[in-house]
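What follows is a set of notes on a single structure, which appears directly below.
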Amino acid sequence: MEKDRVLYFDILNIFACVCVIWLHCNSILYSYGQTPLWYVSLVVQVICHFAVPAFFMISGANLMNYREKYSTRTFACKRISRTLIPLLIWSSIVLLYKYRLGIILPEDFQHIVFLFLTSSIETVYWFFLPLFAIYLCIPVLSLIASKKNLNYFLYMALMGILLHSIWPFFAERISLGYSEYIIFPMAAGFLPYALLGYYLANAEIPRPVRFLIYAVGIACALYMYYGTIALSAQNGGLKKDLIDYESFVSYGYAAAVFLLFKNLNFRFLDRPKLRLRIFVISGASFGVYLIHMLTMDILERFGGIETYSYAWQLLGQFPVYLIALAVVLIAKKIPGIGKIIFP
(Lines give C-alpha, C1' and ligand atoms only; values in the text may rest on other atoms or scores of the structure.)
Protein backbone atom coordinates (compact mmCIF):
# COMPACT_ATOMS: atom_id res chain seq x y z
CA MET A 1 0.00 0.00 0.00
CA GLU A 2 1.27 3.47 -0.85
CA LYS A 3 2.52 5.23 2.27
CA ASP A 4 1.03 8.61 1.36
CA ARG A 5 -2.57 7.37 1.12
CA VAL A 6 -5.07 9.66 2.83
CA LEU A 7 -7.68 7.59 4.66
CA TYR A 8 -10.60 9.97 4.27
CA PHE A 9 -9.92 10.28 0.52
CA ASP A 10 -10.33 6.51 0.17
CA ILE A 11 -13.47 6.40 2.34
CA LEU A 12 -15.03 9.34 0.48
CA ASN A 13 -14.06 7.68 -2.80
CA ILE A 14 -15.91 4.47 -1.89
CA PHE A 15 -18.96 6.30 -0.54
CA ALA A 16 -19.11 8.54 -3.62
CA CYS A 17 -18.84 5.50 -5.93
CA VAL A 18 -21.85 3.86 -4.27
CA CYS A 19 -23.77 7.14 -4.47
CA VAL A 20 -22.98 7.59 -8.19
CA ILE A 21 -24.48 4.16 -8.85
CA TRP A 22 -27.47 5.12 -6.70
CA LEU A 23 -27.94 8.19 -8.91
CA HIS A 24 -27.92 6.01 -12.00
CA CYS A 25 -30.47 3.62 -10.49
CA ASN A 26 -32.61 6.73 -10.10
CA SER A 27 -33.87 7.01 -13.68
CA ILE A 28 -37.45 7.81 -12.65
CA LEU A 29 -36.29 11.36 -11.87
CA TYR A 30 -36.22 12.18 -15.59
CA SER A 31 -39.81 11.00 -16.07
CA TYR A 32 -41.30 14.03 -14.38
CA GLY A 33 -44.54 13.62 -12.54
CA GLN A 34 -45.85 14.80 -9.19
CA THR A 35 -45.99 11.27 -7.82
CA PRO A 36 -44.63 9.89 -4.52
CA LEU A 37 -42.00 7.87 -6.40
CA TRP A 38 -40.78 10.97 -8.23
CA TYR A 39 -40.39 12.88 -4.96
CA VAL A 40 -38.46 9.95 -3.47
CA SER A 41 -36.30 9.97 -6.58
CA LEU A 42 -35.55 13.66 -6.10
CA VAL A 43 -34.57 13.02 -2.47
CA VAL A 44 -32.11 10.39 -3.70
CA GLN A 45 -30.76 12.84 -6.28
CA VAL A 46 -30.14 15.48 -3.63
CA ILE A 47 -28.56 13.11 -1.11
CA CYS A 48 -26.17 11.67 -3.70
CA HIS A 49 -25.55 14.83 -5.68
CA PHE A 50 -22.17 15.47 -4.05
CA ALA A 51 -20.74 12.22 -5.46
CA VAL A 52 -19.65 13.31 -8.95
CA PRO A 53 -18.15 16.61 -7.69
CA ALA A 54 -16.36 14.62 -4.96
CA PHE A 55 -14.33 12.76 -7.60
CA PHE A 56 -13.22 16.05 -9.16
CA MET A 57 -12.33 17.37 -5.70
CA ILE A 58 -10.35 14.26 -4.77
CA SER A 59 -8.48 14.52 -8.08
CA GLY A 60 -7.55 18.12 -7.32
CA ALA A 61 -6.53 17.30 -3.77
CA ASN A 62 -4.43 14.33 -4.88
CA LEU A 63 -2.81 15.66 -8.04
CA MET A 64 -2.28 19.39 -7.66
CA ASN A 65 1.05 18.90 -5.90
CA TYR A 66 2.25 16.00 -8.09
CA ARG A 67 5.59 17.81 -8.68
CA GLU A 68 6.61 16.86 -5.13
CA LYS A 69 6.49 13.18 -6.20
CA TYR A 70 7.25 12.91 -9.92
CA SER A 71 7.76 14.78 -13.18
CA THR A 72 5.14 16.20 -15.52
CA ARG A 73 6.05 13.50 -18.03
CA THR A 74 5.26 10.84 -15.42
CA PHE A 75 2.05 12.69 -14.52
CA ALA A 76 0.93 12.57 -18.16
CA CYS A 77 1.87 8.91 -18.58
CA LYS A 78 -0.04 7.96 -15.43
CA ARG A 79 -3.15 9.79 -16.58
CA ILE A 80 -3.01 8.12 -19.98
CA SER A 81 -2.40 4.59 -18.66
CA ARG A 82 -4.76 4.83 -15.67
CA THR A 83 -7.63 6.74 -17.25
CA LEU A 84 -7.57 7.25 -21.01
CA ILE A 85 -6.59 3.74 -22.12
CA PRO A 86 -9.14 1.92 -19.87
CA LEU A 87 -11.81 4.39 -21.01
CA LEU A 88 -11.08 3.64 -24.68
CA ILE A 89 -11.06 -0.11 -24.01
CA TRP A 90 -14.38 -0.10 -22.17
CA SER A 91 -15.99 2.30 -24.61
CA SER A 92 -15.07 -0.21 -27.34
CA ILE A 93 -16.47 -3.14 -25.33
CA VAL A 94 -19.72 -1.30 -24.62
CA LEU A 95 -19.96 -0.28 -28.29
CA LEU A 96 -19.67 -3.91 -29.38
CA TYR A 97 -22.24 -4.95 -26.76
CA LYS A 98 -24.74 -2.33 -27.89
CA TYR A 99 -24.05 -3.09 -31.54
CA ARG A 100 -24.92 -6.75 -30.97
CA LEU A 101 -28.17 -5.67 -29.30
CA GLY A 102 -28.97 -3.23 -32.10
CA ILE A 103 -28.88 -0.23 -29.77
CA ILE A 104 -26.03 1.51 -31.59
CA LEU A 105 -25.52 1.03 -35.33
CA PRO A 106 -22.42 2.94 -36.47
CA GLU A 107 -22.71 4.27 -40.00
CA ASP A 108 -19.02 4.65 -40.81
CA PHE A 109 -15.63 5.33 -39.22
CA GLN A 110 -16.41 9.03 -38.80
CA HIS A 111 -19.57 8.14 -36.91
CA ILE A 112 -17.58 5.83 -34.60
CA VAL A 113 -15.13 8.64 -33.85
CA PHE A 114 -18.10 10.92 -33.16
CA LEU A 115 -19.53 8.38 -30.70
CA PHE A 116 -16.23 8.23 -28.79
CA LEU A 117 -15.69 11.99 -28.71
CA THR A 118 -19.22 12.80 -27.52
CA SER A 119 -19.59 10.05 -24.90
CA SER A 120 -22.52 8.73 -26.93
CA ILE A 121 -21.51 5.10 -26.47
CA GLU A 122 -22.16 5.26 -22.74
CA THR A 123 -23.61 8.56 -21.58
CA VAL A 124 -22.20 8.35 -18.03
CA TYR A 125 -18.71 8.49 -19.56
CA TRP A 126 -19.32 12.24 -20.01
CA PHE A 127 -17.55 12.55 -16.65
CA PHE A 128 -14.16 11.88 -18.25
CA LEU A 129 -14.26 14.85 -20.62
CA PRO A 130 -14.22 17.51 -17.87
CA LEU A 131 -11.83 15.30 -15.89
CA PHE A 132 -9.36 15.36 -18.80
CA ALA A 133 -9.83 19.14 -19.04
CA ILE A 134 -8.85 19.39 -15.37
CA TYR A 135 -5.82 17.17 -16.02
CA LEU A 136 -4.70 19.61 -18.72
CA CYS A 137 -4.87 22.52 -16.24
CA ILE A 138 -3.02 20.82 -13.39
CA PRO A 139 0.55 21.06 -14.79
CA VAL A 140 0.22 24.86 -14.76
CA LEU A 141 -1.64 25.10 -11.45
CA SER A 142 0.88 22.74 -9.85
CA LEU A 143 3.54 25.45 -10.26
CA ILE A 144 1.88 27.46 -7.48
CA ALA A 145 0.59 24.51 -5.44
CA SER A 146 1.83 25.09 -1.90
CA LYS A 147 0.34 25.95 1.45
CA LYS A 148 1.46 29.56 1.19
CA ASN A 149 -0.54 29.91 -2.06
CA LEU A 150 -3.75 28.23 -0.90
CA ASN A 151 -5.69 31.49 -0.96
CA TYR A 152 -5.05 31.81 -4.70
CA PHE A 153 -6.81 28.48 -5.24
CA LEU A 154 -9.74 29.63 -3.10
CA TYR A 155 -9.89 32.92 -5.00
CA MET A 156 -9.99 31.19 -8.39
CA ALA A 157 -12.65 28.73 -7.20
CA LEU A 158 -14.89 31.44 -5.73
CA MET A 159 -14.58 33.69 -8.77
CA GLY A 160 -15.44 30.78 -11.04
CA ILE A 161 -18.50 29.88 -8.94
CA LEU A 162 -19.63 33.50 -8.69
CA LEU A 163 -19.38 34.38 -12.38
CA HIS A 164 -20.23 31.03 -13.96
CA SER A 165 -22.94 29.86 -11.57
CA ILE A 166 -24.35 32.35 -9.07
CA TRP A 167 -24.52 35.42 -11.29
CA PRO A 168 -26.14 33.76 -14.36
CA PHE A 169 -28.75 31.96 -12.22
CA PHE A 170 -29.98 35.01 -10.32
CA ALA A 171 -29.51 37.50 -13.16
CA GLU A 172 -31.94 35.43 -15.24
CA ARG A 173 -34.51 35.23 -12.46
CA ILE A 174 -34.60 38.92 -11.62
CA SER A 175 -34.34 40.00 -15.29
CA LEU A 176 -31.10 41.88 -14.76
CA GLY A 177 -29.68 40.87 -18.08
CA TYR A 178 -26.65 38.68 -18.49
CA SER A 179 -23.70 38.67 -20.84
CA GLU A 180 -21.86 35.45 -21.63
CA TYR A 181 -18.65 37.49 -21.63
CA ILE A 182 -18.87 38.15 -17.89
CA ILE A 183 -16.77 35.14 -17.01
CA PHE A 184 -13.64 34.11 -15.14
CA PRO A 185 -11.74 32.02 -17.72
CA MET A 186 -9.17 30.80 -15.18
CA ALA A 187 -11.84 28.68 -13.46
CA ALA A 188 -14.33 27.62 -16.11
CA GLY A 189 -16.17 24.32 -16.37
CA PHE A 190 -15.62 21.90 -13.50
CA LEU A 191 -12.21 23.25 -12.52
CA PRO A 192 -13.55 25.01 -9.37
CA TYR A 193 -14.18 21.56 -7.86
CA ALA A 194 -10.53 20.58 -8.25
CA LEU A 195 -9.44 23.95 -6.86
CA LEU A 196 -11.78 23.58 -3.88
CA GLY A 197 -10.59 20.03 -3.28
CA TYR A 198 -6.98 21.11 -3.08
CA TYR A 199 -7.82 24.09 -0.86
CA LEU A 200 -10.08 22.22 1.57
CA ALA A 201 -7.68 19.28 1.84
CA ASN A 202 -4.77 21.52 2.84
CA ALA A 203 -6.28 24.52 4.61
CA GLU A 204 -6.67 24.69 8.39
CA ILE A 205 -10.28 25.80 8.68
CA PRO A 206 -11.40 26.95 12.16
CA ARG A 207 -14.27 25.05 13.77
CA PRO A 208 -16.79 27.95 13.57
CA VAL A 209 -16.07 28.40 9.86
CA ARG A 210 -16.44 24.65 9.30
CA PHE A 211 -19.88 24.67 10.91
CA LEU A 212 -20.84 27.67 8.81
CA ILE A 213 -19.83 25.71 5.68
CA TYR A 214 -21.88 22.73 6.89
CA ALA A 215 -24.88 25.05 7.38
CA VAL A 216 -24.40 26.42 3.87
CA GLY A 217 -24.23 22.84 2.55
CA ILE A 218 -27.51 21.92 4.25
CA ALA A 219 -29.15 25.10 2.93
CA CYS A 220 -27.90 24.29 -0.58
CA ALA A 221 -29.31 20.74 -0.37
CA LEU A 222 -32.69 22.02 0.78
CA TYR A 223 -32.76 24.69 -1.91
CA MET A 224 -31.79 22.07 -4.49
CA TYR A 225 -34.77 19.94 -3.45
CA TYR A 226 -37.51 22.53 -3.00
CA GLY A 227 -36.20 24.77 -5.78
CA THR A 228 -36.23 21.89 -8.27
CA ILE A 229 -39.83 21.07 -7.29
CA ALA A 230 -40.91 24.70 -7.78
CA LEU A 231 -38.99 25.24 -11.04
CA SER A 232 -40.19 21.92 -12.48
CA ALA A 233 -43.81 22.70 -11.62
CA GLN A 234 -43.50 26.05 -13.41
CA ASN A 235 -41.80 24.38 -16.37
CA GLY A 236 -44.24 21.47 -16.62
CA GLY A 237 -41.28 19.10 -16.73
CA LEU A 238 -38.03 18.46 -14.93
CA LYS A 239 -36.04 21.69 -14.63
CA LYS A 240 -32.41 20.76 -14.03
CA ASP A 241 -30.91 24.16 -13.20
CA LEU A 242 -30.34 23.34 -9.54
CA ILE A 243 -29.32 19.71 -10.05
CA ASP A 244 -26.76 20.65 -12.67
CA TYR A 245 -23.23 20.00 -11.43
CA GLU A 246 -22.24 23.58 -12.26
CA SER A 247 -25.04 24.95 -10.08
CA PHE A 248 -23.92 27.06 -7.11
CA VAL A 249 -25.90 24.80 -4.76
CA SER A 250 -23.93 21.84 -6.07
CA TYR A 251 -20.66 23.57 -5.16
CA GLY A 252 -21.88 24.49 -1.68
CA TYR A 253 -23.19 21.01 -0.92
CA ALA A 254 -20.13 19.20 -2.30
CA ALA A 255 -17.72 21.43 -0.37
CA ALA A 256 -19.59 20.74 2.88
CA VAL A 257 -19.54 16.96 2.36
CA PHE A 258 -15.83 16.97 1.47
CA LEU A 259 -15.00 19.01 4.55
CA LEU A 260 -17.17 16.76 6.72
CA PHE A 261 -15.27 13.65 5.61
CA LYS A 262 -11.97 15.41 6.24
CA ASN A 263 -12.96 16.12 9.82
CA LEU A 264 -14.78 12.92 10.75
CA ASN A 265 -12.91 10.69 13.17
CA PHE A 266 -11.94 7.54 11.26
CA ARG A 267 -9.43 6.31 13.84
CA PHE A 268 -11.44 3.11 14.36
CA LEU A 269 -10.58 2.25 10.73
CA ASP A 270 -6.94 3.24 11.03
CA ARG A 271 -5.49 -0.25 11.34
CA PRO A 272 -3.02 -1.70 8.81
CA LYS A 273 -5.11 -4.67 7.58
CA LEU A 274 -8.32 -2.67 7.49
CA ARG A 275 -6.65 0.25 5.73
CA LEU A 276 -5.29 -2.15 3.13
CA ARG A 277 -8.81 -3.45 2.43
CA ILE A 278 -10.13 0.11 2.17
CA PHE A 279 -7.29 1.00 -0.19
CA VAL A 280 -8.03 -2.02 -2.42
CA ILE A 281 -11.77 -1.26 -2.56
CA SER A 282 -11.13 2.44 -3.20
CA GLY A 283 -8.67 1.52 -5.94
CA ALA A 284 -11.43 -0.45 -7.68
CA SER A 285 -13.81 2.54 -7.87
CA PHE A 286 -12.62 3.65 -11.29
CA GLY A 287 -13.23 0.17 -12.71
CA VAL A 288 -16.61 -0.02 -10.99
CA TYR A 289 -17.58 3.26 -12.62
CA LEU A 290 -16.53 1.95 -16.03
CA ILE A 291 -18.72 -1.17 -15.85
CA HIS A 292 -21.61 -0.32 -13.52
CA MET A 293 -23.98 0.73 -16.32
CA LEU A 294 -23.19 -2.46 -18.20
CA THR A 295 -23.85 -4.39 -14.98
CA MET A 296 -27.18 -2.61 -14.54
CA ASP A 297 -28.21 -3.31 -18.12
CA ILE A 298 -27.43 -7.03 -17.80
CA LEU A 299 -29.34 -7.23 -14.50
CA GLU A 300 -32.31 -5.48 -16.08
CA ARG A 301 -32.33 -7.61 -19.23
CA PHE A 302 -31.64 -11.01 -17.73
CA GLY A 303 -32.53 -10.60 -14.07
CA GLY A 304 -36.09 -9.39 -14.48
CA ILE A 305 -35.38 -6.20 -12.52
CA GLU A 306 -38.21 -3.66 -12.32
CA THR A 307 -36.26 -0.40 -12.39
CA TYR A 308 -39.29 1.84 -11.85
CA SER A 309 -39.95 0.59 -8.34
CA TYR A 310 -39.30 1.75 -4.79
CA ALA A 311 -37.06 -1.26 -4.17
CA TRP A 312 -34.76 -0.47 -7.09
CA GLN A 313 -34.73 3.28 -6.47
CA LEU A 314 -33.73 2.79 -2.83
CA LEU A 315 -31.68 -0.42 -2.84
CA GLY A 316 -30.60 -1.14 -6.41
CA GLN A 317 -27.18 0.45 -5.91
CA PHE A 318 -26.03 -2.31 -3.54
CA PRO A 319 -26.24 -5.35 -5.86
CA VAL A 320 -24.88 -3.32 -8.78
CA TYR A 321 -21.94 -2.05 -6.74
CA LEU A 322 -21.12 -5.43 -5.20
CA ILE A 323 -21.30 -7.29 -8.53
CA ALA A 324 -19.20 -4.67 -10.33
CA LEU A 325 -16.71 -4.56 -7.45
CA ALA A 326 -16.32 -8.36 -7.50
CA VAL A 327 -15.75 -8.33 -11.27
CA VAL A 328 -13.11 -5.61 -10.98
CA LEU A 329 -11.24 -7.23 -8.08
CA ILE A 330 -11.18 -10.61 -9.81
CA ALA A 331 -10.18 -9.14 -13.18
CA LYS A 332 -7.32 -7.19 -11.61
CA LYS A 333 -5.70 -10.52 -10.73
CA ILE A 334 -5.61 -11.71 -14.34
CA PRO A 335 -1.95 -11.57 -15.43
CA GLY A 336 -1.17 -9.30 -18.33
CA ILE A 337 -4.52 -7.61 -18.92
CA GLY A 338 -6.05 -7.14 -15.47
CA LYS A 339 -4.19 -3.93 -14.64
CA ILE A 340 -4.68 -2.57 -18.16
CA ILE A 341 -8.46 -2.76 -18.22
CA PHE A 342 -8.84 -1.96 -14.48
CA PRO A 343 -5.75 0.03 -13.40
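The values are calculated or read from the model by the stated rules, or taken from the named source; none is laboratory data. Just so it is clear, the structure is predicted and the values come from calculations on it, not from any experiment. Please note: Cβ atoms are built from the backbone with ideal geometry, for glycine as well, and neighbour counts cover all protein chains shown. In case anyone asks, the SASA skips ligands and DNA or RNA and just uses the protein heavy atoms, side chains included. Shrake-Rupley method; radii C 1.70, N 1.55, O 1.52, S 1.80 Å.
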Any idea how far the Cα center of the range 39-71 sits from the one of the range 227-305, in Å? 9 Å
Using just the helices of the chain, give the 222 nm mean residue ellipticity in deg cm²/dmol: DSSP H runs with n ≥ 4 each add -39,500 (n - 2.57), and the total is spread over all residues, rounded to 500. -20500 deg cm²/dmol
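May I ask for the Rg/Rh ratio of the range 1-131, computed from Cα atoms with Rh as the Kirkwood radius, given to two decimals? Display every interim value, and only then the final one.
Numbers: Rg = 18.3 Å, Rh = 17.5 Å.
Rg divided by Rh gives 1.04.
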If I compute solvent accessible area with a 1.4 Å probe over the protein chains, what percent of it on the range 90-165 is carbon and sulfur? 68 percent
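Using only the Cα atoms of the range 232-339, what semi-axes does the equivalent ellipsoid have when each is the square root of 5 times a gyration tensor eigenvalue? Give whole Å, largest first.
On the way: eigenvalues 180, 125, 37 Å².
Whole-Å semi-axes of the equivalent ellipsoid: 30, 25, 14.
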Over the Cα atoms, compute the radius of gyration (one decimal) and Dmax (the largest Cα-Cα distance, rounded to a whole number) for the range 152-222, in Å. 13.9, 40
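What's the Cα-based Rg to Rh of the chain, Rh via Kirkwood? The partial results should precede the final answer.
On the way: Rg = 20.5 Å, Rh = 21.5 Å.
Ratio of gyration radius to Kirkwood radius for the chain: 0.95.
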Any chance you could list the semi-axes, whole Å, largest first, of the equivalent ellipsoid that the Cα gyration tensor gives for the range 114-201, using √(5λ)? 23, 23, 10
Go through 151-162, 262-273 and give me the packing order, highest mean Cβ count within 10 Å leading. 151-162, 262-273
Go through the cysteines of the chain and tell me which have no other cysteine Cβ under 4.7 Å away. CYS17, CYS25, CYS77, CYS137, CYS220
Heavy-atom accessible area per residue, the chain, 1.4 Å probe: how many Å²? 51 Å²
